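Structure first, commentary second.
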Amino acid sequence: MNLLLNPDGLAPQAGGETFPDEVLNLERSVRTLDLTHNKIVDIPMDISKLINMQRMVLADNLIQRLPINLGKLQSLKVMTLDGNRISSLPDEFGQLVRLECFSISRNSIEYLPETIGSLRNLQLLNVSNNKLKSLPESIGSCFSLEELQANDNLIEDLPESICNLIHLKSLCLDNNNVKQIPSNILKDCKALQNISLHGNPISMDQFQQMEGFQEFEARRRKKFDKQIDSNVMISSKGLDEGVDL
């Protein structure tokens, strides 16, 4: 069962809306839940009843924290929490072992739990527009990760473990404080086609002198040649992707 509720369908409470009881009562029937733009302030502990839910979208609400039993949603593959007021993730987040796509941009996250390394099926991670100063060393254990978006944070450096992400295709770190990136990233991340580092104190010379740069540049060019051959529309910025500094 797929559920999409608009703001008119929720019961108001002081300062926001309550999570709909009628959804929780459906328990095993729910596969997709979309409560975008509903002024929800709290995710109840009873969310764990929705054990067959595969996709949960709670973007643009007023949520401040996640329940510790969120990890019981063992069927969850997609979770979108963009545009809330969340400042941290519980350690139990790492129990969502089937998660493939996680987006929590436009929040107030200051750090990611080390348990994120347990998400071996995670392919897309979007933590842009938060307050992150670093990424955990365990990020290198997210072996399926293909796209990492961490624009508009306070990140100063990257853990060496990021070189373990052999399936990583796109790394976006615009508008951070990155001065250097792991020296082996271009050599070890053989699928990498795009690195975007606009608005960081790192020079193009540093980048070009890294081992594996020529191979990386060849992958980047091949990617965009293929897009052009397929008549795919890309922006002028898109043509510069891959060495965006």
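The values are calculated or read from the model by the stated rules, or taken from the named source; none is laboratory data. Quick caveat: nothing in here was measured; it's all calculated off a predicted structure. Cβ: placed from backbone, ideal geometry, glycine included. Neighbour counts: every protein chain shown.
Below, the figures for the structure above:
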{"read-out": "Cβ pairs under 6 Å, 6+ apart, first in segment 203-228 and of a type outside the set (Asp, Glu), second in a helix (DSSP H, G or I) and modelled with pLDDT of 85 or more", "value": "Met210/Leu186; Gly212/Leu186; Gly212/Lys187; Phe213/Leu186; Phe216/Leu186"}
{"read-out": "Count of residues meeting criterion [under 17 Å from the mean Cα position of the chain (by Cα) and surrounded by fewer than 19 Cβ atoms within 10 Å (Cβ to Cβ)] in segment 66-81", "value": "2"}
{"read-out": "Test: residue in segment 163-180 that is touching a helix residue (DSSP H, G or I) at 6+ places or on another chain (Cβ under 8 Å) and in a helix (DSSP H, G or I)", "value": "yes"}
{"read-out": "Out of Gln95, Gln54, sole residue that is modelled with pLDDT of 95 or more, surrounded by 14 or more Cβ atoms within 10 Å (Cβ to Cβ) and in the same structural domain as Gln149 (by TED's automatic domain parsing)", "value": "Gln95"}
{"read-out": "Output for segment 40-62, where each listed residue is on the phi > 0 side of the Ramachandran plot and in contact with a helix residue (DSSP H, G or I) (Cβ under 8 Å, 6 or more places away or on another chain)", "value": "none"}
{"read-out": "Any hit, segment 111-123, residues being closer than 21 Å to Leu35 by Cβ and out of contact with any helix residue (DSSP H, G or I) (no Cβ under 6 Å at 6 or more places or on another chain)", "value": "no"}
{"read-out": "Conditions (1) at pLDDT below 90; (2) under 26 Å from Ser108 (Cα atoms); (3) not polar (S, T, N, Q); number of the one not met by Leu62", "value": "(1)"}
{"read-out": "Residue check for Ser75: within 21 Å of Pro136 (Cβ to Cβ), among the hydroxyl-bearing types (Ser, Thr, Tyr), out of contact with any helix residue (DSSP H, G or I) (no Cβ under 7 Å at 6 or more places or on another chain) and assigned to a loop (DSSP other than H, G, I, E, B)", "value": "no"}
